[in-house]
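J.: Take this structure, written in structure tokens, and hold onto it; I'll ask about it next.
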Amino acid sequence: MKKIIIFASGSGTNAENIIKYFQANSLAEVICIYCNNPKAGIIERAKNLNIKVRLFNREEFSKSNIILDELKAVNPDLIVLAGFLWLIPASFAHNFENKLINLHPALLPNYGGKGMYGHFVHEAVIINKEKESGITIHFVNEHYDEGAIIAQFKTEITEKDTAETLAKKIHLLEYEHFPKVIEQLITQ
């Protein structure tokens, strides 16, 4: 069975969706959630789903090799960033090339980069009167949102849409497509 590790910083709805998706089949399993926020909602979600959580701090993550060495020892088939907001160190990107993916709530290369996450992205898209938005699933390198694009899925934006209604449309795309793209990647 393939091993997936998820990195998350927030409420964890996408992580929970991925965990449940793979609990329903025998292709892969989420073996651990790595979380940098001791108050994140993903911690309770993971606990309820019997998934181990590894809390860590910036020192362990980017100023030492503690987390990198742990991941290398586990040798996951895929590391999934699902609402994880810290920049990935180059050492991670190089050690897990083509095994480290992220979900971005916009159609990259537009609306990416430092500070462009969640409602900040949706507000910018609405302010700029875009006709469509969507999600981008991409490989991760040492720069925010610059890794090679794996897949994109789009949704129409109407004149009545707000950042909040767009966020709901984006979440639907995330829940539908992110687990399926993960499945495709681990079965290639």
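J.: Given 10 °C and 1.306 mPa s, how large is the Stokes-Einstein diffusion coefficient of segment 50-117 in µm²/s, with Rh as the Kirkwood radius over Cα pairs?
T.: Numbers: Rh = 13.5 Å.
D, rounded to a whole number, is 118 µm²/s.
J.: Quick one: which residues, 5+ away or cross-chain, put their amide H under 5 Å from the amide H of Ser9? H built at 1.01 Å from N.
T.: Phe84, Leu85
J.: Taking amide hydrogens as modeled 1.01 Å from N in the peptide plane, which residues meet the under 5 Å criterion relative to Ala151, leaving out close sequence neighbours?
T.: Those qualifying (amide H under 5 Å, at least 5 residues apart or on another chain) are Ile137.
J.: If you average 1/r over every pair of different alpha-carbon atoms in segment 2-186 and take one over that average, what Kirkwood value in Å do you get?
T.: Numbers: mean 1/r = 0.0600 Å⁻¹.
Result for segment 2-186 stands at 16.7 Å.
J.: Tell me, what ³J(HN,Hα) does each residue in segment 114-125 have, in order and in whole Hz, if you take phi through Karplus 6.51 cos²θ - 1.76 cosθ + 1.60 with θ = phi - 60° and put x for Gly and Pro?
T.: Each residue's phi maps through the Karplus curve to give 4, x, 9, 8, x, 5, 4, 5, 5, 4, 5, 4 Hz.
J.: Given the -39500 (n - 2.57) contribution per DSSP H run of 4+ residues, what per-residue ellipticity at 222 nm results for the chain, rounded to the nearest 500 deg cm²/dmol? List each step's numbers first, then the result.
T.: On the way: 7 runs with 73 residues, N = 188.
Calculated at 222 nm, the ellipticity per residue is -11500 deg cm²/dmol.
J.: What FRET efficiency would be calculated for the residue pair Thr158, His94, taking the C-beta separation as r and a Förster radius of 41 Å, to the nearest 0.05? All intermediate terms of the calculation are to be shown ahead of the outcome.
T.: Numbers: r = 43 Å, r/R0 = 1.04.
The computed FRET efficiency comes out at 0.45.
J.: So what's segment 81-188 giving for Rg/Rh, alpha carbon basis, Kirkwood Rh from the mean inverse pair distance?
T.: Working: Rg = 13.8 Å, Rh = 14.2 Å.
So for segment 81-188, dividing Rg by the Kirkwood Rh gives 0.98.
J.: Give me the percent of DSSP beta bridges within the chain that run antiparallel, rounded to the nearest 5.
T.: Numbers: 11 of 28 bridges.
Around 40 percent of the beta bridges assigned by DSSP in the chain are antiparallel ones.
J.: Something else now. Would you work out which of Phe7, Cys32, Asn65 lies farthest towards the positive end of the dipole of segment 2-186? Charges go on Cβ: Lys and Arg +1, Asp and Glu -1.
T.: Cys32
J.: Return the subset of Lys2/Lys52; Lys52/Lys168; Lys129/Lys169; Lys114/Lys154; Lys131/Lys169 for which the Cα-Cα distance in this structure is over 20 Å, preserving the input order. Walk me through the intermediate numbers first.
T.: Numbers: Lys2/Lys52 16 Å; Lys52/Lys168 29 Å; Lys129/Lys169 16 Å; Lys114/Lys154 22 Å; Lys131/Lys169 13 Å.
As for pairs spanning more than 20 Å Cα to Cα, those are Lys52/Lys168; Lys114/Lys154.
J.: What dipole magnitude, in Debye to the nearest 20, does segment 75-188 give about its Cα centre under +1 on Lys/Arg Cβ and -1 on Asp/Glu Cβ? The partial results should precede the final answer.
T.: Details: 9 positive and 15 negative charges, 16 e Å.
It works out to roughly 80 debye.
Each reported figure results from applying straightforward, stated rules to the coordinates on display, with no laboratory input. These numbers come from a predicted model, not from an experiment. Heads up, the Cβs are rebuilt from the backbone with ideal geometry, glycines too, and the neighbour counts pull from every protein chain shown.
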